[in-house]
1. Roughly what angle does helix 230-250 make with the longest principal axis of the chain, taking Cα atoms, 0 to 90 degrees, to the nearest 10?
2. Multiplying the sequence separation of T263 and S364 by 0.36 nm and subtracting their Cα-Cα distance, what value in nm do you get?
3. Which is farthest toward the positive dipole end of the chain among I344, I333, G173, measuring Cα position about the Cα centre, with Cβ charges +1 (Lys, Arg) and -1 (Asp, Glu)?
4. Quote the FRET efficiency, to the nearest 0.05, computed for N169 versus D190 with a Förster distance R0 of 25 Å and r equal to the Cβ-Cβ distance.
5. Say we join alpha carbon atoms closer than 10 Å with springs in a Gaussian network model of the chain; which of G113, G354, G187 then has the biggest fluctuation?
6. For the stretch 329-341, just list the computed ³J(HN,Hα) in residue order, Karplus coefficients 6.51, -1.76 and 1.60, θ = phi - 60°, integers in Hz, with x standing in for Gly and Pro.
7. Full extension from L401 to L338: what is 0.36 nm times the residue separation minus their Cα-Cα distance, to one decimal in nm?
8. Express the carbon and sulfur contribution to the solvent-accessible surface of the stretch 137-284 as a percent, rounded to the nearest whole number, probe 1.4 angstrom.
Amino acid sequence: MDKNDSLHPINEVLSFFKKTFGDTENVRVFTAPGRVNLIGEHIDYCGGYVFPAALTLGTYVAIRRNETNDTVRIAATTIDGIRTFKLSDIDSAKTLDWGNYQAGVVKELLSLGLSLGGFDAVYHSTIPFGAGLSSSASIEVSTGLAVSTIFGSPLTGKELALAGQRAENRFCGVNCGIMDQFASSMGREDHAILLDCASITHKYVPLDLGDNVLVLANTCKRHALGASKYNERRQEVSVGLEEMNRIAKAHGAPKKPNLCAFTKAELKEYAPEIASDVIRKRVMHVVSENERVKEAVALLESGRLAEFGALLRDANQSIRYLYEATGEELDAIYDATLDFEGCIGSRMTGGGFGGCTVNIVKASAVEAFKAHVAERYTAATGNVPEFYVCKVGDGARECHLV
Ligand code: GLA
């Protein structure tokens, strides 16, 4: 990066810091990326495998301690004014119109025993908002890294992910799993992360897509996790786990800790006995998706890209028809890819109910792909989509100007 590039997000966040808080002496800048999930959707909270990758888009935080022991002042490049809360009364930040992801993380850092004081911070994001690309996780992880570092006790990547997830669960009321925060803190350039959410252990897998690139297609239908059916799905799968264990017991089999611990053979045997059709569909998605992730990673590792892409399509249909977490816009933008030859795989990515699909597209056909999908998607929904050719970047880190 070039420090003379005034449009660079680091410069942008620093110049806004100066405008807001007077100067940039002793200010440090941290960043944490958004993520795309390649496969393994809605199973991180069922003890499953997921396969996300960090983006090169992210949240940038310019931060320094202030002279107070207690007062946090935060601002953002796209929001007017400064929001303030006190370390001694963090819960009052729940009523802020903006800033509760940050406050939730600070609360988690305090409960981990970190000794914090007041600080000033400015946020700047290059992630399209509400697109299901984990802009909130990137705020949480960048805040965790920035605050723990300037107060002398930097958390590890895994600790950052867990603190961010707890903040979102406890402070913001979204019962999310660990995937987004983990990808944001632990991402690696040009690699996807195979994360076992039961043990929170991972391995990096090189993302070698041959002459293809990843294209995100944004429905531009805002995806709002809190307001969506996310928490409802979590509730349904917890009923699903109880049901599967009840049936397993009747078959003389031992109890399992989570839905992804059931095999496909057990699913086949037990599914007909699940009382509710809805719960049966949810369980079928979860168990089959977990198997698909393992298969997909093996295919990618052996360079069998066409089959990898086909599995992404199977995964999309599972989340669409069994988990019912897509909706008109995601379905239309997915369907628009079906007759495009240069697209070997496509699926919705993230929480769903709006947001983006991820597509594997021949690099030479990207412009044709955009035109093809946009025309059909707009005809079907009246919405105009956006496209981003995405690069896979590193996880959370401090930024240094060269
Ligand atoms: C959101 C949540 C994640 C995960 C996905 C669905 O992004 O934050 O924890 O559950 O939805 O896979």
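1. Roughly 40 degrees, rounded to the nearest 10.
2. 32.3 nm
3. Projecting each Cα onto the dipole axis, the largest value belongs to G173.
4. Efficiency computed from Cβ-Cβ geometry: 0.20.
5. G113
6. These are the phi-based 3J(HN,Hα) values: 5, 4, 5, 5, 6, 5, 4, 5, 8, 4, 9, 9, 4 Hz.
7. The L401-L338 span can extend by a further 18.3 nm.
8. Heavy-atom surface of the stretch 137-284 belonging to carbon and sulfur, 1.4 Å probe: 52 percent.
The values are calculated or read from the model by the stated rules, or taken from the named source; none is laboratory data. Not measured: the values here are computed from a predicted model. Neighbour counts are summed over all protein chains in view; Cβ atoms, including those assigned to glycine, are modelled from backbone coordinates with ideal geometry. Protein only, heavy atoms only, side chains kept; ligands, DNA and RNA dropped before computing areas. Shrake-Rupley method; radii C 1.70, N 1.55, O 1.52, S 1.80 Å.
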